[in-house]
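Have a look at the structure below before the remarks.
Bear in mind that the values in this text are calculations on the coordinates, not laboratory data. Computed from a predicted structure; not experimentally measured. Quick reminder, even Gly has a Cβ in these numbers, built from the backbone with ideal geometry, and neighbours come from all protein chains shown.
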Amino acid sequence: MKLVFHRKRIAGTLVVVPANERSFAADMKNFNFPKSRSLKLKEVMGFDKRRVVGPDVCVSDLAVFGLEHLFERGWLKREEIDALIVVTQTPDYLIPGTSCVIHGRLGLKQDMLSLSISQACTGYLIGLIQGFMLLDQESIKKVVLVNSDVLSRKVSSQDRNIYPLVGDACSITVLERDTEGSVVHANVRVDGSRSGALMIPAGGMRQPHTLETAKLEDVGDGNWRAREHLFMDGAAIFNFVQTEVPPLIESLLKHAGAPMDSVDFFLCHQPNRFMLEKLADKMKIPRAKMPNDVVGHFGNNSGATVPTVMAFNLGERLLREKLLVCLAGFGAGLTWAGMLLNIGKFDFNTIIEYK
Amino acid sequence: MKSIADILREIRPEFDFSASNDFLADGMLDSFDVVTLVSALDKNWGISIEGTDIVPENFKNLQAIEALLRKSGAKI
């Protein structure tokens, strides 16, 4: 589905990462594999360091910490938030939505909109789409988009398929109307028939928590996980990304009338370095235009990898200048989306640590 | 330049790859080994095997890998 937005902009992005850093080298001992094979995997996939929360830290903790940081520095005023969108698949509670939890903890005004959206690695783009739509309302002048997950709390440390890549983070993006004639193009797709490829099978209403669902099971290839842990069919997801994302982006750029080489950077969700290198090669994009080192510094922090790459790879630069970028997200659902827009001249664009 | 067999031996030295006609079904390569193999093949032949070609049937045996390399532009 193609979408177009007029006169909307990203005013700034802040990413909160936990101070707690884990290394692939330290985690290797959990895996039932020879060290040499794990080291080869590290080299190819780009796994190295990642940031993970402690056992009692929730999305709202990271978000409140980040929003207070913005208030203290005067980059955002509490009373000017007209809509708060929180995109997460690891909510604090089943009820209420995490946006209401954050709203209450910050003491935000009552005359505003609070939305909680369940989306994973496409979540940042879905949140932007929702935020840009809300800005068409006369009464909504400023939207705060929080995209955060603490998925490290839902993965098995004995599952080499997923444990070494998962990180936690919280991105906070401020959206507002643009006085310039900017145009944002987006393209979003979904295929729920493949939802089983990336899921947490138990712990919800379909298969509620029991002692059995919490028990580690031998799932083959030397991996152990419980049904309450995140499951990923790595081969199916890899194939999905390589098959579906290039035509989506080509269609997006064609619709926007933007040649591939006019795009300064392709800022994609980052599951691992190998996947992005193959994606860049497939689309004949120079690898330097598609940064892939967030996963090695912070881990795959779900949808927040996209704003993390903005802040980590283009931090200072986006304070000074404007760049034409193509954002891309893909993951659970299965969902995938692309967005072409000019970003830059941000009020803020940085990464801080949650301690 | 290394041969396909050399690269396979580096990844899983404990197996005799000439004795199998289906490396994945026989448990000699798992999905992560395939990723490591693709990266090594790319480097060795100066190519980039397409992501959509990274499917089990292209890594079943030596003949399948050789065919994939030719399709990907490797001069072997």
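Are any residues in the stretch A:278-293 among the small types (Gly, Ala, Ser) and without any contact (Cβ under 8 Å) to a residue 12 or more places away in the chain, and if so, which ones?
Initial filter on the stretch A:278-293 (among the small types (Gly, Ala, Ser)): A:280, A:288.
A:Ala288 - this is the single residue of the stretch A:278-293 that is among the small types (Gly, Ala, Ser) and without any contact (Cβ under 8 Å) to a residue 12 or more places away in the chain.
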Could you pull out the residue among A:Gly315, A:Gly299 that is away from chain B (no Cβ under 14 Å) and either of a type in the set (S, T, N, Q) or within 26 Å of A:Val183 (Cβ to Cβ) (or both)?
-> A:Gly315
Given (1) more than 13 Å from chain A (Cβ to nearest Cβ); (2) part of a loop (DSSP other than H, G, I, E, B); (3) free of Cβ contacts under 8 Å to residues at least 12 places away in the same chain, where does B:Asn21 come up short, assuming only one miss?
-> (3)
Within the stretch A:197-242, work out how many residues are farther than 15 Å from A:Tyr163 by Cβ, touching a residue at least 24 places away in the same chain (Cβ under 8 Å), within 14 Å of another protein chain (Cβ to nearest Cβ) and not in a loop (DSSP other than H, G, I, E, B).
-> 7
Could you please let me know if B:Glu57 is assigned to a helix (DSSP H, G or I), more than 22 Å from A:Leu41 (Cβ to Cβ) and more than 14 Å from chain A (Cβ to nearest Cβ)?
-> no
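Does at least one position in the stretch B:51-69 carry a residue that is among the small types (Gly, Ala, Ser) and crowded, with 17+ Cβ neighbours inside 10 Å? Step through it out loud before you land on a result.
Of all residues in the stretch B:51-69, those among the small types (Gly, Ala, Ser) come to B:51, B:64, B:67.
Among the residues that remain, those that are also crowded, with 17+ Cβ neighbours inside 10 Å are: B:51.
Looking for residues that are among the small types (Gly, Ala, Ser) and crowded, with 17+ Cβ neighbours inside 10 Å, one finds at least one in the stretch B:51-69, hence yes.
Here is a yes/no grid of residues against (1) over 11 Å from the mean Cα position of the chain (by Cα); (2) away from chain A (no Cβ under 13 Å):
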| site | (1), (2) |
| --- | --- |
| B:Ile4 | no, yes |
| B:Ile7 | no, no |
| B:Phe17 | no, yes |
| B:Ser31 | yes, no |
| B:Leu37 | no, no |
| B:Leu41 | no, no |
| B:Asn44 | yes, yes |
| B:Gly73 | yes, no |
| B:Ile76 | yes, yes |
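Need at least 1 residues that are without any contact (Cβ under 8 Å) to a residue 40 or more places away in the chain and either in contact with an Asp or Glu (Cβ under 8 Å, 6 or more places away or on another chain) or within 30 Å of A:Val184 (Cα to Cα) (or both) per element, so show me which strands (runs of 3 or more DSSP E) inside the stretch A:1-117 make the cut, counting only ones lying wholly within it.
Details: elements: A:2-6, A:8-18, A:21-23, A:49-51, A:83-87, A:113-117.
Correct list: A:21-23, A:113-117.
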Restrict the check to the stretch A:132-142 and report whether at least one residue is in a strand (DSSP E or B) and in contact (Cβ under 8 Å) with a residue 60 or more places away in the chain.
-> yes
